[in-house]
Structure formats: structure tokens, C-alpha cells
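The numbers here are math on the coordinates, done by the rules we state, and not lab data. If you're wondering where the values come from, they're calculated on a predicted model, not measured in any experiment. FYI the Cβ positions are ideal-geometry reconstructions off the backbone, even for glycines, and counts take in every protein chain you see.
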Amino acid sequence: MCADYEKPQIPKYGYFRLTQILGNPHAKPKPIPPIIPVKKSCWYKGIRDGIFPSPVHLNNMALWRCADIAKLIERIEKGELEL
């Protein structure tokens, strides 16, 4: 994990969109910092390999449960996963 990584505040309930998880440096009016600092291709490969949580699909949107992302961050902090 990067030395300058700052743990984000994750709500207990709700959903994240992919740009909220992976960040978007080109977002207007200000950039969105990543929660999990990986590339999109790495993220989807991690889903296929069972490393990252699968999305929930609502209409045409893929969303990730906040609780699943919080558990992922805990696993990374404990050293169970390395990015």
C-alpha cells in the first residue's frame, strides 16, 4: 500500500459507483480521489478472480455495496491482500 494512502470514510449503508471506488482525476469541478488505487482492468480482473467484490446491478448501473468495500479495505489493512 502506498505510504501516502489515506483511509477514506466509508458509510455503513449505500452503494458506490466505480468512479467513486477507482477515482476520477478528470471530474469537474474537482477530481475524485480513489478509495482503492487500481486501474479499471485490474479491478475487473480482481472481480473475476474473486479478490474484489462483485457489483449489484440496478437498471443499467453496476454498483458496489459500501459494506463490501469496507470489508475489502479491512482485508488490505490486515495484509490479507496486496494491491
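Computed quantities for the displayed model
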item	result
13 Å beta-carbon shell around Ser41, net charge (K/R +1, D/E -1)	+3
Estimated inter-spin distance, Met61 and Lys45, nm [label 7 Å along Cα→Cβ]	2.9
Correct option for log10 I(q)/I(0) by the Debye sum over Cα atoms at q = 0.13, 0.20 Å⁻¹ [calculated from the coordinates] among [x] -0.31, -0.81; [y] -0.40, -1.00; [z] -0.36, -0.85	[y]
Ellipticity estimate at 222 nm from DSSP helix runs (n ≥ 4, -39,500 (n - 2.57)) divided over the chain, nearest 500	-9000 deg cm²/dmol
